[in-house]
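> Could you have a look at this structure, given as C-alpha cells, before my questions?
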Amino acid sequence: MPPTAGPEATINKSVWSFLASVLILGFLGPLSLDVGSIPITLQSLVVFSIALILRPREFFVCISAYLLLGAAGVKVFAGYTAGFEKLLGPTSGFLWGFLFVGTLLSWIHQHYPLYFNHLLICAFGAHVLLLFMGFSVLAIQSPEADTQSLVVNLLPGLLIKTLCVALIVRGISLIQSRTIAS
C-alpha cells in the first residue's frame, strides 16, 4: 500500500497554500494592465483563481487576511493603495464582494465538479455578481458616478479575466492530477 499523508501533511499543505495565496494576491492583485483601451485589473482574476483552488474556509481566511493587511496600510489593493477607508469607501463593495463571491465560488467548486465550461460559467457569474455588489455600493456612495459606462468599459476585461481564471485553474488541476498519478 502506498503511504498516505497524515493530518500533519494536510495542515502543512494548507498553511503553505494560504501563505502563497496571500503573497500572490498581495503582489499581483494590485496590478493593472491596459490592453488597448481595455483596462484589466488583476484583482478579481487572482481572487477568483485562488477561490477555485482553495477550500472555502481557507479562502475565507485568505481574503480576510488580505482585507486586514490592506486596512492596516499594506498597499495590496488595486493600484497599490491601502487604508481602512477603502473598506468603507465608494469601491468597498468590490472588496467585500471578494469575500462573499469568492467564498461562494470556492464552495461551489468543492461541492460540484467543474469542467472547463463550468469554470467559465462560474468565473463569469462570479464577475457579474462582483460587479453588481461593487457598483451597488458605488452608486449609493457616489451617485454622480456614471456606472453604466463604467460597466460597459469593464466588460471586455471581465471576459478576458474570466477566460484566464478558467485556464489557470484548469492548468493547475491538470498539473496536480499528473503529480498525484506519478
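> Considering only residues of the stretch 140-182 that are within 27 Å of Ser92 (Cβ to Cβ) and of a type in the set (D, E, K, R), which is surrounded by the fewest Cβ atoms within 10 Å (Cβ to Cβ)?
Per the criteria, the residue is Glu144.
> Let me ask another. Are there any pairs, at least 6 apart or on different chains, whose C-beta atoms fall under 9 Å, with the first in the stretch 115-140 and over 14 Å from Leu154 (Cβ atoms) and the second of a type in the set (D, E, K, R) and in a helix (DSSP H, G or I), and if so, which?
From residues that are over 14 Å from Leu154 (Cβ atoms), the pairs are Tyr115/Arg170; Phe116/Arg170; Leu119/Arg170; Ala123/Lys161.
Every residue, every condition in (1) of a type in the set (Lys, Arg); (2) assigned to a helix (DSSP H, G or I); (3) modelled with pLDDT of 95 or more, yes or no:
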| position | (1), (2), (3) |
| --- | --- |
| Ile11 | no, yes, no |
| Ser14 | no, yes, no |
| Pro39 | no, no, no |
| Ser64 | no, yes, yes |
| Val74 | no, no, yes |
| Gly93 | no, yes, yes |
| Phe98 | no, yes, yes |
| Pro113 | no, no, no |
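> Taking the conditions exactly as written (under 21 Å from Leu25 (Cβ atoms) and either among the aromatic types (Phe, Trp, Tyr) or touching a Leu at 6+ places or on another chain (Cβ under 9 Å) (or both)), does Phe135 satisfy them or not?
Spelling it out, it is not the case that Phe135 is under 21 Å from Leu25 (Cβ atoms) and either among the aromatic types (Phe, Trp, Tyr) or touching a Leu at 6+ places or on another chain (Cβ under 9 Å) (or both).
> Run down Ile108, Ile121, Ile160, Ile140 and say which single residue is touching a strand residue (DSSP E or B) at 6+ places or on another chain (Cβ under 7 Å) and more than 18 Å from Leu25 (Cα to Cα).
Of the residues listed, the single one that is touching a strand residue (DSSP E or B) at 6+ places or on another chain (Cβ under 7 Å) and more than 18 Å from Leu25 (Cα to Cα) is Ile160.
> Looking only at the stretch 41-60, count how many residues are at pLDDT 90 or above and within 30 Å of Ser149 (Cα to Cα).
The number of residues fulfilling the criteria is 11.
> Separate question: Please work out if Phe27 is part of a helix (DSSP H, G or I) and within 12 Å of the chain's Cα centre (by Cα).
When the stated conditions are applied, Phe27 does not pass them.
> If the Cβ limit is 8 Å and pairs must be 6+ apart or interchain, which residue in the stretch 167-182 that is under 20 Å from Asn117 (Cβ atoms) pairs with which residue that is loosely packed, with under 13 Cβ neighbours inside 10 Å?
Once the first residue is under 20 Å from Asn117 (Cβ atoms) and sits in the stretch 167-182, its partners that are loosely packed, with under 13 Cβ neighbours inside 10 Å give Arg170/Phe116.
> Of Gly93, Gly125, which residue is in contact with a helix residue (DSSP H, G or I) (Cβ under 9 Å, 6 or more places away or on another chain), surrounded by 18 or more Cβ atoms within 10 Å (Cβ to Cβ) and not hydrophobic (A, V, I, L, M, F, W, C)?
Gly93
Rundown of residues vs (1) over 20 Å from Phe100 (Cα atoms); (2) assigned to a helix (DSSP H, G or I); (3) at pLDDT 95 or above, yes/no style:
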| residue | (1), (2), (3) |
| --- | --- |
| Val137 | no, yes, yes |
| Ala145 | yes, no, no |
| Leu154 | yes, yes, no |
| Thr162 | no, yes, yes |
| Ala166 | no, yes, yes |
| Arg170 | yes, yes, no |
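The values are calculated or read from the model by the stated rules, or taken from the named source; none is laboratory data. For clarity, every value in this text was computed on a predicted model and none was experimentally measured. Backbone-built Cβ (ideal geometry, glycine too); neighbour counts: all protein chains shown.
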